[in-house]
1. Collect the residues in segment 35-57 that are among the polar types (S, T, N, Q) and either over 22 Å from the mean Cα position of the chain (by Cα) or not assigned by TED's automatic domain parsing to the domain that holds residue 72 (or both), keeping them in residue-number order.
2. Checking the structure you have, find out if any residue of segment 306-313 is of a type in the set (Val, Ile, Thr) and either out of contact with any helix residue (DSSP H, G or I) (no Cβ under 8 Å at 6 or more places or on another chain) or at pLDDT 95 or above (or both).
3. Within segment 266-278, how many residues turn out to be farther than 24 Å from residue 193 by Cβ and buried (at least 21 other Cβ atoms within 10 Å of the Cβ)?
4. Could you please find all residues in segment 157-192 being crowded, with 18+ Cβ neighbours inside 10 Å and acidic (Asp, Glu)?
5. Restricting to segment 149-166, what's the tally of residues that are under 14 Å from the mean Cα position of the chain (by Cα) and part of a loop (DSSP other than H, G, I, E, B)?
6. With the requirement that a residue be among the aliphatic types (A, V, I, L, M) and under 11 Å from residue 99 (Cα atoms), what does segment 153-181 give you?
7. Tell me, which residue of segment 119-130 that is in contact (Cβ under 8 Å) with a residue 24 or more places away in the chain and of a type outside the set (A, V, I, L, M) is farthest from residue 54 (Cα to Cα)?
8. Please go through segment 111-145 and give me each residue that is within 21 Å of the chain's Cα centre (by Cα), outside any loop (DSSP other than H, G, I, E, B) and either among the acidic types (Asp, Glu) or within 24 Å of residue 186 (Cα to Cα) (or both), ordered by number.
Amino acid sequence: MSVRRLAEDAVQPAEFRFSRDNASWAKATIKKYPKGRQQSAVIPLLMRAQEQDGWVTRAAIEHVADMLKMPYIRALEVATFYTQFQLKPVGTKAHVQVCGTTPCMLRGSEDLIRICREKINAEPFETNDAGTLSWEEVECQGACVNAPMVMIFKDAYEDLTAEQLADIIDRFEAGEGDSVTPGPQNGRHLSAPAGGLTTLTEEDAPAPASVAKAAPAAPGEPGEGTQPAAMEEPEEKDDLKMLSGVGSKIETLLHSIGIYKFEQIAGWKEEERAWVDGFLKFKGRIEREEWVKQADALARGGVEEYVRVFGKKPR
């Protein structure tokens with residue numbers, strides 16, 4: 001493990017104070033620990049200090065130590081041991097942590113590092129000229145099945161290609177980081193198999209042919225919400241699998257209730273989304289994957305509009 005030291009005195013601020021909201025949060029956090037164990041709050045307090053200033057300063061370490069009535073050296077030991085704490089200024093808009101452990105390395109993390117060197121700085125922990133971007137290589141961040149991946153502040157961006165990371169960096173630099181959806185960037189749902197489910201598929205099996213051809217299937221939770229309006233099967237159906245979170249099985253289920261077009265999904269109101277959510281038995285997926293927003297973009301302008309809205313092509 002490399003030696004981690006505090007930044008040079010020239011960049012260290014003279015003092016640190018939590019903002020009013022953060023100070024209230026810190027006091028409430030300390031109270032969660034049993035009497036005599038309040039020093040266990042050192043990690044969350046240091047992390048909140050980092051979120052406030054962008055990095056952990058010497059003044060912040062000493063301020064947290066004073067709040068917890070612990071020796072400065074003990075707080076310093078924590079800050080220098082855990083690599084989640086940045087000990088020198090990092091990019092104000094994005095600090096990219098590229099996982100370089102074996103699974104990510106085998107899946108292309110070296111290409112991601114190359115992008116960081118080209119677009120940010122040739123050296124890790126050094127900012128770009130504007131001071132807005134920085135990067136580092138880190139050890140395993142726990143998303144091996146979604147390799148390669150990076151962390152930017154608290155969010156993980158997984159299943160990346162070099163081109164996708166370059167685009168993400170550009171969007172953070174442009175101040176559009178909030179528009180980048182964290183998680184897998186290849187359309188998969190969380191850490192589900194990229195090629196679709198291979199086990200535990202009975203609950204998600206396609207509706208029987210008699211159901212698909214006749215009456216709509218019953219919702220998963222009868223009485224919740226309103227079933228959306230169905231349409232007769234058209235000669236030309238939209239490829240609903242273009243929506244992130246929709247695979248062939250879910251598309252079959254949507255067809256079974258008369259949903260064939262993006263414009264239908266784009267028009268779903270809250271009660272209709274609730275009904276479909278219960279019917280599919282995937283609580284929260286519609287909202288989490290933004291089906292309505294995706295469908296609206298595809299219905300209005302196809303792939304070109306989708307790319308304009310989401311910054312990437314649909315799956």
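The values are calculated or read from the model by the stated rules, or taken from the named source; none is laboratory data. Since this is a predicted model, take the numbers as computed values, not measurements. Every residue, glycine among them, receives a Cβ derived from its backbone with ideal geometry; neighbour counts consider all protein chains shown.
1. If the condition is that a residue be among the polar types (S, T, N, Q) and either over 22 Å from the mean Cα position of the chain (by Cα) or not assigned by TED's automatic domain parsing to the domain that holds residue 72 (or both), then 38, 39, 40, 57 are the ones that fit.
2. Yes; the residues of segment 306-313 include at least one that is of a type in the set (Val, Ile, Thr) and either out of contact with any helix residue (DSSP H, G or I) (no Cβ under 8 Å at 6 or more places or on another chain) or at pLDDT 95 or above (or both).
3. 2
4. Those that are crowded, with 18+ Cβ neighbours inside 10 Å and acidic (Asp, Glu): 158, 159, 173.
5. 5
6. First pass over segment 153-181, keeping only residues among the aliphatic types (A, V, I, L, M): 156, 160, 162, 165-166, 168-169, 174, 180.
Residue satisfying the conditions is 156 alone.
7. The extreme case among them is 119.
8. 111, 112, 113, 115, 116, 135, 136, 137, 138, 144, 145
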